[in-house]
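The values are calculated or read from the model by the stated rules, or taken from the named source; none is laboratory data. Quantities reported herein were computed from a predicted structural model and do not represent experimental measurements. Quick reminder, even Gly has a Cβ in these numbers, built from the backbone with ideal geometry, and neighbours come from all protein chains shown. SASA here: full protein model, heavy atoms, side chains in, ligands and nucleic acids out. Shrake-Rupley method; radii C 1.70, N 1.55, O 1.52, S 1.80 Å.
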Amino acid sequence: PAVPAPNWQLSRDDAGIAWLVIDCAGASANTLSRRTLGELDALLATLAADPPAGLVIASGKPGSFIVGADINEFPALDSAATAASLTAMGQAIIGRIGALPAPS
């Protein structure tokens, strides 16, 4: 079953390479928001269950890849612990890319 991920498009080519394209809907730049990270986490779980021959992560936005964290979420960070938790979540998700049994 397809993972709902409106900010990402996942496809595989004939060589078994997975193409994961970030294109944050309605935004001029791609950011790593809680939602985008959650979608990426779910997609990585799908890829781990059915590993590709390789993984390419690309941007659907011309001229940039990902500009960083979504600063619009910063006001909701009410404590250092909340910020640390969000940072740890992002680092763990990015670590899952390196843990895939395929070059990326």
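Checked against the criterion of being buried (at least 19 other Cβ atoms within 10 Å of the Cβ), among the hydrophobic types (A, V, I, L, M, F, W, C) and within 28 Å of S85 (Cβ to Cβ), the stretch 11-19 has no qualifying residue.
Inspection of the stretch 21-35 identifies at least one residue that is basic (K, R), modelled with pLDDT under 95 and open to solvent by 50 Å² or more (accessible area, probe 1.4 Å). Can T87 be described as open to solvent by 70 Å² or more (accessible area, probe 1.4 Å) and either in contact (Cβ under 8 Å) with a residue 40 or more places away in the chain or assigned to a helix (DSSP H, G or I) (or both)? It is true that T87 is open to solvent by 70 Å² or more (accessible area, probe 1.4 Å) and either in contact (Cβ under 8 Å) with a residue 40 or more places away in the chain or assigned to a helix (DSSP H, G or I) (or both). One residue stands out in the stretch 57-77 among those that are of a type in the set (A, V, I, L, M, F, W, C) and under 12 Å from the mean Cα position of the chain (by Cα): the one that is farthest from I17 (Cα to Cα), namely A69.
Restricting to the stretch 66-84, what's the tally of residues that are under 12 Å from S33 (Cα atoms), of a type in the set (D, E) and open to solvent by 80 Å² or more (accessible area, probe 1.4 Å)? Final tally of qualifying residues: 0. Among the residues making up the stretch 50-84, those that are part of a loop (DSSP other than H, G, I, E, B) and within 25 Å of D14 (Cβ to Cβ) are D50, P51, P52, A53, G60. Any residue that is part of a loop (DSSP other than H, G, I, E, B), at negative phi and at pLDDT below 95 - is there at least one of those in the stretch 6-20? Scanning the stretch 6-20, I find at least one residue that is part of a loop (DSSP other than H, G, I, E, B), at negative phi and at pLDDT below 95, so the answer is yes. Residue pairs whose Cβ atoms lie under 6 Å apart, separated by 6 or more positions or on different chains, with the first residue in the stretch 12-38 and under 15 Å from V67 (Cα atoms) and the second of a type in the set (A, V, I, L, M, F, W, C) and open to solvent by 70 Å² or more (accessible area, probe 1.4 Å), are A29/V67; T31/V67.
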